[in-house]
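Accompanying notes for the structure given below.
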Amino acid sequence: MKIISIINLKGGVAKTLTADNMAHVLAVFHSKRVLIVDNDKQGNTSKMFGVHSYDDKSISDVLTARRLDIHEAIKKTRFEGIDVLPANMTLIRANLEVMMDSTRPQQTRLRAALDPIAGEYDYCLIDNAPDINISTINALVASDDVIIPIKIDKYAFDGLAELKEQIEDTRDDLNPRLRLAGCLITCFQRTDADKQGEEWLRSQPEYPVFDTHIRYSEKVTESTFAESPIAEYSRRSGAAMDYKAFEREYLERGKK
């Protein structure tokens, strides 16, 4: 099972959209078995796939409970091949509880929970909050790859250096296999500002950038209200075609 963290310290850059649509494309168009870990207290991935709840177990329990079988928290979705480990606002409390519990390792709990189910899925996508807290550190410790979605605007590159430093520190201290797979430009429009921002990012050797960018489409916003992945909601939209192209690029890069 390859584990991929989708993360950016800036909000509103299509992290959740990227995680959810990557999962959908992998499952529907590549016949892969996918687990999505919702690692954001807002629970938008959980809502997208209809599994958001305060009554059932969630990632909060996975991080805090002792000897919990992760199967108790994983939920099936209406899509064949896509399961979700959901999240909700209890993740705020869980982060504090993990930090206060010095009786067992704090940074490796998610990895330990995922290890027993590695043979059940081809990919695990972790949708992270725009923050560095103990649950996102757990995600990085568990991951093989990191993808950073970036929406070009005035503040697009704020926090990139700090995030890259966190990735490198995690690699050095806790997870030597972790790599920055690349930055994915999202919500792209053919304006001078977007073109200049993309050109600048591609000129920075320390930040690999995927060739594919995800075009802006009103259909993407509509798809969130419909709680439907864009390739299902509007399969001919530019964003749907771009996410499929991006998935092909990511898979091809993984073969090299």
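Using only the Cα atoms of the stretch 175-253, construct the convex hull and provide its projected area averaged over every direction, in square nanometres to one decimal.
Here the figure is 6.7 nm², rounded to one decimal.
Say the dipole of the stretch 82-179 comes from +1 at the beta carbon of Lys and Arg and -1 at that of Asp and Glu; which of Pro86, Ile117, Asn175 then lies farthest toward its positive end?
Toward the positive end, the furthest listed residue is Pro86.
Over the chain, with the other protein chains present, what is the accessible area per residue in square angstrom, probe 1.4 angstrom? Spell out each step's value before the answer.
Numbers: 11760 Å² over 256 residues.
That works out to 46 Å² for each residue.
Could you go through the stretch 213-225 in sequence order and give the Karplus-derived ³J(HN,Hα) for each residue, using 6.51 cos²θ - 1.76 cosθ + 1.60 with θ = phi - 60°, rounded to whole Hz, and x for Gly and Pro?
Per residue, the Karplus-derived 3J(HN,Hα) values read 10, 9, 6, 5, 8, 4, 4, 5, 4, 4, 5, 5, 5 Hz.
For Met100 and Lys76, compute 0.36 nm times the residue count separating them, minus their Cα-Cα distance, and round to one decimal in nm.
5.4 nm
Select from the stretch 74-128 those trypsin sites (Lys or Arg not before Pro) which occupy a DSSP coil region and have at most 12 other Cβ atoms within 10 Å, ordered by residue number. Can you show the working numbers first?
Values: sites: Lys75, Lys76, Arg78, Arg93, Arg109, Arg111; in loops: Arg78.
Qualifying residues, ordered by number: Arg78.
Once R0 is set to 22 Å, what does the formula 1/(1 + (r/R0)^6) return for the Cβ-Cβ distance between Arg177 and Leu68, expressed as a FRET efficiency to the nearest 0.05?
About 0.30, to the nearest 0.05.
Label the stretch 159-212 by shape, choosing from rounded, prolate and oblate, from the square roots a ≥ b ≥ c of the eigenvalues of the Cα gyration tensor; if a/c is under 1.5 it is rounded, and otherwise prolate applies when a/b is larger than b/c, oblate when it is not. Show your work: numbers first, answer last.
Details: a/c = 3.04, a/b = 2.54, b/c = 1.19.
Because a/c hits 1.5 or more and a/b exceeds b/c, the stretch 159-212 counts as prolate.
What are the GluC sites (Glu not before Pro) within the stretch 79-139 that DSSP puts in a loop, where the Cβ has at most 10 other Cβ atoms within 10 Å?
Hits after loop and neighbour filter: Glu80.
Please turn the phi angles of the stretch 63-77 into ³J(HN,Hα) values with the Karplus equation 6.51 cos²θ - 1.76 cosθ + 1.60 (θ = phi - 60°), one per residue in order, whole Hz, x for glycine and proline.
Each residue of the stretch 63-77 in turn: 7, 10, 7, 8, 6, 7, 7, 4, 4, 5, 9, 6, 10, 6, 10 Hz.
Is there a quick way to get the dipole size of the chain? I mean about its Cα centre, with the Cβ of Lys and Arg at +1 and of Asp and Glu at -1; what is the value in debye to the nearest 20?
The dipole of the chain has a size of about 460 debye.
Largest first, how would Met100, Met89, Met22, Met1 line up by accessible area (1.4 Å probe)?
Details: Met100 160, Met89 90, Met22 0, Met1 60 Å².
Per-residue accessible area, sorted high to low, gives Met100, Met89, Met1, Met22.
Only Lys, Arg, Asp and Glu count, each charged at its Cβ (+1, +1, -1, -1), so figure out the dipole size of the stretch 148-256 about its Cα centre, rounded to 20 debye.
My answer is approximately 580 debye.
Any idea how far apart Glu249 and Asp158 come out in nm if each label point goes 7 Å out from Cα toward Cβ?
About 2.6 nm, to one decimal.
Using a 1.4 Å probe, how large is the accessible area of Cys187, given in Å² and rounded to the nearest 10?
Counting only protein heavy atoms, the figure is 40 Å².
For Thr191 and Glu120, FRET efficiency with R0 = 45 Å and r from the beta-carbon atoms, rounded to 0.05? Don't skip to the answer; put the middle values down first.
Values: r = 44 Å, r/R0 = 0.97.
Result of the calculation: an efficiency of 0.55.
Which of the trypsin sites (Lys or Arg not before Pro) across the stretch 144-235 are loop residues per DSSP, with 12 or fewer other Cβ within 10 Å?
Values: sites: Lys151, Lys154, Lys164, Arg171, Arg177, Arg179, Arg190, Lys195, Arg202, Arg215, Lys219, Arg235; in loops: Lys154, Arg177, Arg190, Arg235.
Sparse-neighbourhood loop trypsin sites (Lys or Arg not before Pro): Lys154, Arg177, Arg190, Arg235.
Determine the dipole magnitude for the stretch 68-141: charges of +1 sit on the beta-carbon of Lys and Arg, -1 on that of Asp and Glu, nothing else is charged, the reference point is the Cα centre, and the result goes in debye to the nearest 20. Intermediate values should be presented prior to the final figure.
Numbers: 7 positive and 11 negative charges, 35 e Å.
Its charge dipole is roughly 160 debye.
What's the carbon and sulfur percent of the chain's accessible surface, probe 1.4 angstrom, rounded to a whole number?
48
The values are calculated or read from the model by the stated rules, or taken from the named source; none is laboratory data. Owing to the predicted nature of the structure, the values given are computational and were not obtained by experimental measurement. Neighbour counts are summed over all protein chains in view; Cβ atoms, including those assigned to glycine, are modelled from backbone coordinates with ideal geometry. The accessibility values were calculated without ligands, DNA or RNA, using every heavy atom of the protein model including side chains. Shrake-Rupley method; radii C 1.70, N 1.55, O 1.52, S 1.80 Å.
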